[in-house]
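Input: a single structure, listed below in structure tokens.
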Ligand code: GLA
């Protein structure tokens, strides 16, 4: 995305003056899906697509916001108790409120922003917005004293309180902490993380977007989380001497022990989560050993679990996964929350062209449109551009 694109709109829609420009990316996730809110591990990285915003304090207590993509304008007072109705503006409003809770004296500002993270693709366009607005508020009103983790948590709180999605911390973490060319393994329990340079010799990472709309707020996403919490609670009640907070603290034996106390469906969801915890660690070992065949095998296993046990896939995504298998792609799976969006594919260089051509042709023949193709470039996290 070009700075000039955002700047020209900022100038046109406000008073002709310029402000500061900030950027935050969307993310991919190699493996570790629906594990973040269960205290498990995730393996994300930032992408080069993201949200860019130009922001300038306006000397009032009003936020005047313009969405360049939607051509929509909204105004609200910084201390408005309810906030705006438009969802896109609630991301700004939520971040302002969370910064105020952190003790930051946020004043009015003008903001225009645009994004090139495909919406509903499972690449976290919303986290890109939250961290971009957080980066701006930190710079303009807090002398950059708010820590990166507090920005991550403010983004998550915005989702919970103002959007209605009880998400984990993976997306906001990846958007804020991302580094070029590196994936990150985050332990969502302790919040410890490690950067992993990711340059698989001879392979490419590519996303195929089914273009099935994915909307997590108010979706079965929250139901999945509730299932996991019910199982963890049942295990905790049975084991008062152990400190059980999430499925992270539970064993396969624990699941067996509470089988009669929770629904079969809840057990099925928890089965996926425990398996996924092991798979992320397996991928880490395989990456260190340079064993991409193993990485790929675990990705397929994750797809299977997300589709059959966690039930967050859809026909189109399963079809893309089948095509990947037929084309000899090393690893393929649904990425992100699911219910639509993309598959992430680890494919050998020499198989790439055939895979993409076959996926386009077959998907088009079945669903009347081609999947969109995004080659993954691991980019940099939130930063000020100008
Ligand atoms: C969404 C949520 C994340 C995470 C993923 C699934 O992207 O925002 O917190 O739970 O789904 O791994």
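Against the condition surrounded by 14 or more Cβ atoms within 10 Å (Cβ to Cβ) and touching a residue at least 40 places away in the same chain (Cβ under 8 Å), how does residue 283 come out, does it pass?
Details: surrounded by 14 or more Cβ atoms within 10 Å (Cβ to Cβ): yes; touching a residue at least 40 places away in the same chain (Cβ under 8 Å): yes.
In short, yes.
Listed here are the residues, each with its yes/no results for (1) touching a residue at least 12 places away in the same chain (Cβ under 8 Å); (2) touching a helix residue (DSSP H, G or I) at 6+ places or on another chain (Cβ under 6 Å); (3) assigned to a loop (DSSP other than H, G, I, E, B).
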position: 287; (1), (2), (3): yes, no, no
position: 293; (1), (2), (3): yes, no, no
position: 333; (1), (2), (3): yes, yes, no
position: 340; (1), (2), (3): yes, no, yes
position: 344; (1), (2), (3): yes, no, no
position: 359; (1), (2), (3): yes, yes, no
query = Does at least one position in the range 17-31 carry a residue that is under 20 Å from residue 130 (Cβ atoms) and assigned to a loop (DSSP other than H, G, I, E, B)?
reply = yes
inquiry  = Given the criterion surrounded by 22 or more Cβ atoms within 10 Å (Cβ to Cβ), over 16 Å from the mean Cα position of the chain (by Cα) and farther than 27 Å from residue 129 by Cβ, identify the matching residue among 262, 231.
reply    = 231
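Tally up the residues in the range 1-48 that are within 13 Å of the chain's Cα centre (by Cα) and farther than 23 Å from residue 157 by Cα, please.
2
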request  = Among residues belonging to the range 329-361 that are more than 16 Å from the ligand (Cβ to nearest atom) and more than 21 Å from residue 202 (Cβ to Cβ), point out the one that is surrounded by the fewest Cβ atoms within 10 Å (Cβ to Cβ).
outcome  = 361
task = Could you tell me which numbered condition residue 196 fails, if it satisfies all but one of (1) farther than 20 Å from residue 132 by Cα; (2) touching a helix residue (DSSP H, G or I) at 6+ places or on another chain (Cβ under 8 Å); (3) modelled with pLDDT of 95 or more?
result = (3)
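Could you list, in sequence order, the residues of the range 362-378 that are surrounded by 14 or more Cβ atoms within 10 Å (Cβ to Cβ) and within 24 Å of the chain's Cα centre (by Cα)? Lay out the reasoning, then the answer.
Initial filter on the range 362-378 (surrounded by 14 or more Cβ atoms within 10 Å (Cβ to Cβ)): 362-363, 367, 370-374, 376-378.
Passing the criteria: 370, 371, 372, 373, 374, 376, 377, 378.
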message = Only one of 331, 340, 336, 296 is under 24 Å from residue 125 (Cβ atoms) and touching a strand residue (DSSP E or B) at 6+ places or on another chain (Cβ under 7 Å). Can you tell me which?
response = 336
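Please state which one of 240, 200, 220 is more than 22 Å from residue 267 (Cβ to Cβ) and surrounded by fewer than 18 Cβ atoms within 10 Å (Cβ to Cβ). Write out each step before concluding.
Details: 240 fails: more than 22 Å from residue 267 (Cβ to Cβ); 220 fails: more than 22 Å from residue 267 (Cβ to Cβ).
The conditions single out 200.
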request  = Look at the range 286-303 and say how many of its residues are at positive phi and surrounded by 23 or more Cβ atoms within 10 Å (Cβ to Cβ).
outcome  = 0
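The values are calculated or read from the model by the stated rules, or taken from the named source; none is laboratory data. The model shown is predicted, which means the values in this text are computed figures rather than measured ones. Reconstructed Cβ throughout: ideal geometry from the backbone, glycine too, with neighbour counts over all protein chains shown.
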